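Participant: So that we are looking at the same thing, I have put the structure below in structure tokens.
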Amino acid sequence: MIKIKMNSAKNNYLVSVVIPTFNGGEKLKKAIDSIINQSIGFENIELIIVDDASNDKITQQTILKYQSQYPHNIKCFFINKNSGYPGKARNIGMKHTTSKYIIFLDDDDLYLENAVETLYNKINQYNSDLAICNYYININDNKVKAIGQLNENIININPLEKQINYDKLNIPSISVPVARIYKKDILSQYNLLFIEDSVYEDVHFYLNCLNHIKKISIFPHDIIYIYNRYEDSLCHKHEIELFNNLIYSIYCISDILKDINLNVNSAFEILSSLLIIFSNLDNNLKYKAVLKIYKLEKYLEKNFNFNFNLKRKEMNILNTAIMQKKFRKAIFISNIYKILYNNPHIQKIYYKLGLG
């Protein structure tokens, strides 16, 4: 059951911004302020905040305070029981949007002041169904441009029209749901929703979008968002539960790719993330974990002719050992990677390459 705090005012907003939150606290205030201060004018924005059963008290107080200050713009939804992942909160937010366009914002990140105006103008100028801009990844106050591989604008590309299109749109740094604007009608027409019970719901959602959205535009030179990378965030906890959830998510992703008449190898770059999480596991957990990876990749090999040529080249070394069933060697290699991947300088290099 969901407790809902709504306003009764009706308005024709230009865009709807959805913020899912759980114990957002002080970071949530900054995220909300970044929307209120948009150059397009907050009166043109519908802000929907969905709280996933926060237990810190500050978050709910913050949401209600902002809602009381802006009763015509802000809708608040409160989930009674924490779902564990942002997918459910995003889906609830999407369902209650009333404008033509939808933008997502994570509760610990920020949109730059001209972001909404830039996105709105881009999607209207080119009549796109999805317009994607660039963002900074902020690591310990060091900002790295995310979409590093693209130098030119890509206008209204159809992902399934030809192989080069599909591969071009499968850069890992593009799979996030932020720094972009969606036509709501397209999401509704194809019932495009986030999976609600696992991690990497954003990758699943994006790949599902590629199955249906025919006009996607990317603007790598327009940086409009700051993604703050925190070591304690959900997607950066290297534990066995996260590992198992990602295994499940990859099977879910494979389900939506089965009927595509293209080579979908580029969609499985997420395996690099799985291998990084595996590398960070405690050694006493790695033997069972490596067997799960082997089983998963044999499934991908059988169903998708997966060729294991990952963009993170060092991952192919680890992957080869696993597929050759040299599990002791794979665990040894993973322990070396564990040391490397926890080096902040190496992390920054990978983000600059768009591989983080």
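Rule-based calculations on the coordinates, nothing more; no lab input. As the structure is a computational prediction, the values presented were derived from the model and not from experiment. Don't worry about glycine lacking a Cβ; one is built from the backbone with ideal geometry, like all the others, and counts go over all protein chains shown.
Participant: With a cut-off of 8 Å between alpha carbons and a minimum separation of six or more residues, what is the relative contact order of the range 2-228 in percent?
Facilitator: Values: 482 pairs, mean separation 59.0, N = 227.
It comes to 26 percent, rounded to a whole number.
Participant: With unit charges on the beta carbon (Lys/Arg positive, Asp/Glu negative), name the residue among I174, V50, I103 whose Cα is farthest towards the positive pole of the charge dipole of the chain.
Facilitator: The listed residue farthest towards the positive side: I174.
Participant: Can you compute the FRET efficiency between N191 and T320 using 1/(1 + (r/R0)^6), with r the Cβ-Cβ distance and R0 = 41 Å? Round to the nearest 0.05. Show your work: numbers first, answer last.
Facilitator: Numbers: r = 39 Å, r/R0 = 0.95.
The pair N191/T320 has a calculated efficiency of 0.55.
Participant: Alpha carbon centre of the range 110-175 versus the range 236-267: separation in Å?
Facilitator: When both Cα centres are located, 22 Å separates them.
Participant: Something else: Charges only on Cβ, +1 for Lys and Arg, -1 for Asp and Glu: so what's the dipole of the chain about the Cα centre, in debye to the nearest 20? Intermediate values should be presented prior to the final figure.
Facilitator: Values: 43 positive and 35 negative charges, 170 e Å.
The dipole magnitude comes to about 820 debye.
Participant: So for the chain, Kirkwood radius off the Cα pairs, Stokes-Einstein at 37 °C and 0.692 mPa s: how many µm² s⁻¹?
Facilitator: Numbers: Rh = 21.1 Å.
Using the Kirkwood radius from Cα pairs, D works out to 156 µm²/s.
Participant: If I fit a long axis through the Cα atoms of helix 86-95 and take the longest principal axis of the Cα atoms of the chain, what angle between them do I get, 0 to 90°, rounded to 10?
Facilitator: It is inclined by approximately 40 degrees.
Participant: So which lysines pass the test for K81, namely a Cα distance under 16 Å, with those fewer than 8 places away in the same chain ruled out?
Facilitator: Partners found: K3, K57.
Participant: Now for a separate question. Ranked from highest to lowest mean number of other Cβ atoms within 10 Å per residue, what is the order of the peptides 311-318, 298-305, 97-104? Present the calculation step by step, with values, prior to reporting the outcome.
Facilitator: Working: 311-318: 17.1, 298-305: 13.4, 97-104: 20.8.
Highest to lowest by the protection proxy: 97-104, 311-318, 298-305.
Participant: Just for the chain, what percent of DSSP beta bridges are antiparallel, to the closest 5? Working shown, then result.
Facilitator: On the way: 17 of 42 bridges.
So the antiparallel bridges in the chain amount to around 40 percent.
Participant: How would you rank 285-297, 208-220, highest first, on the average number of other Cβ atoms within 10 Å across their residues? Write out the running numbers ahead of the final one.
Facilitator: Details: 285-297: 16.8, 208-220: 20.4.
Answer by packing, highest mean first, reads 208-220, 285-297.
Participant: How large is Rg over Rh for the range 1-152, taking Rg from the Cα atoms and Rh as the Kirkwood inverse mean of 1/r across Cα pairs?
Facilitator: Working: Rg = 15.5 Å, Rh = 16.1 Å.
For the range 1-152, the value is 0.97.
Participant: Order these by the 10 Å Cβ neighbour count, fewest first: K183, K81, K88.
Facilitator: Details: K183 19, K81 10, K88 23.
Ordered by Cβ neighbours within 10 Å, fewest first: K81, K183, K88.
Participant: Taking 31 Å as the cut-off for C-alpha to C-alpha distance, list the pairs among K143/K302; K122/K302; K302/K326; K258/K292; K162/K311; K27/K183 that go past it. Don't skip to the end; give the middle numbers.
Facilitator: Working: K143/K302 40 Å; K122/K302 41 Å; K302/K326 20 Å; K258/K292 21 Å; K162/K311 21 Å; K27/K183 28 Å.
Result: K143/K302; K122/K302 exceed 31 Å.
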